[in-house]
Amino acid sequence: MNKKDALLRNAMPLLQWDEQKYATGFAHIDEQHRELFDGLNGLTLFLQNSLVTDDDENQGKVIELLYFLGEYAMKHFRDEEEIFAQCGHPMALVNKEAHQAFFEKFLEYNDNLAHAVFSRDILMQLHIFLNLWLVNHIVKIDTGLRECAGKPGMETFLQNSRLQARKQGVFSKFLALFARK
Ligand SMILES: [Fe+2]
Ligand SMILES: [Fe+2]
């Protein structure tokens with residue numbers, strides 16, 4: 001491991017779930033956030049282990065992971081926006097706009113990585129952006145859902161939320177497939 005990579009390993013801790021900091025009161029939203037943590041941690045491990053070099057196969061894996069992350073984030077945003085709207089939360093629009101702004105930036109990075117020259121530096125910038133954005137967004141905006149969980153009229157949502165939360169391990173399955181390739 002060279003010096004740069006050793007520094008990188010220390011500078012990129014894996015995201016860890018913290019119920020007090022991140023819980024929203026909706027089980028499936030929390031589960032999706034945990035999944036997104038897993039997906040980003042997968043990316044962190046790629047970078048930490050220096051697997052992303054000029055090797056075509058590894059680049060392909062990263063692009064695939066990013067694509068999957070994007071798809072998953074899109075579904076998650078839709079689910080979350082539905083609850084914000086149903087609950088009439090004052091941050092509903094702010095949340096939606098933040099999701100849109102996130103996607104524009106994410107797509108810009110992805111376009112560069114997938115269609116221009118693949119660069120580890122761009123991937124690292126994207127990685128930092130994703131990690132910081134997600135944690136900050138959950139803490140500042142998504143946890144606002146806590147007040148919705150106790151509101152009258154949200155019972156069905158809460159019930160469905162618990163049922164949906166049982167679908168787990170999406171990213172660990174996805175990442176396990178990589179390991180076998
Ligand atoms: Fe959100
Ligand atoms: Fe979220």
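The values are calculated or read from the model by the stated rules, or taken from the named source; none is laboratory data. As the structure is a computational prediction, the values presented were derived from the model and not from experiment. With ideal geometry, Cβ positions are generated from the backbone for all residues, glycine too; neighbour counts draw on all protein chains shown.
I want to confirm something. Restricting to the range 150-179 and keeping residues that are over 19 Å from the mean Cα position of the chain (by Cα) and outside any helix (DSSP H, G or I), which single residue is surrounded by the most Cβ atoms within 10 Å (Cβ to Cβ)? Checked the range 150-179; the qualifying residue surrounded by the most Cβ atoms within 10 Å (Cβ to Cβ) is MET154. Count of the range 126-149 residues, restricted to those that are β-branched (Val, Ile, Thr), part of a helix (DSSP H, G or I) and within 13 Å of ligand 1 (Cβ to nearest atom), is 4. When PHE103, PHE68 are screened for being within 16 Å of ligand 1 (Cβ to nearest atom) and under 29 Å from THR24 (Cα atoms), only PHE103 passes.
When restricted to residues that are crowded, with 18+ Cβ neighbours inside 10 Å, away from ligand 2 (no atom under 16 Å from the Cβ) and at pLDDT 95 or above, the range 1-51 contains 0.
Restricting attention to the range 128-149 and to residues that are closer than 17 Å to GLY42 by Cα and surrounded by fewer than 19 Cβ atoms within 10 Å (Cβ to Cβ), the residue that is farthest from ligand 2 (Cβ to nearest atom) turns out to be ILE128.
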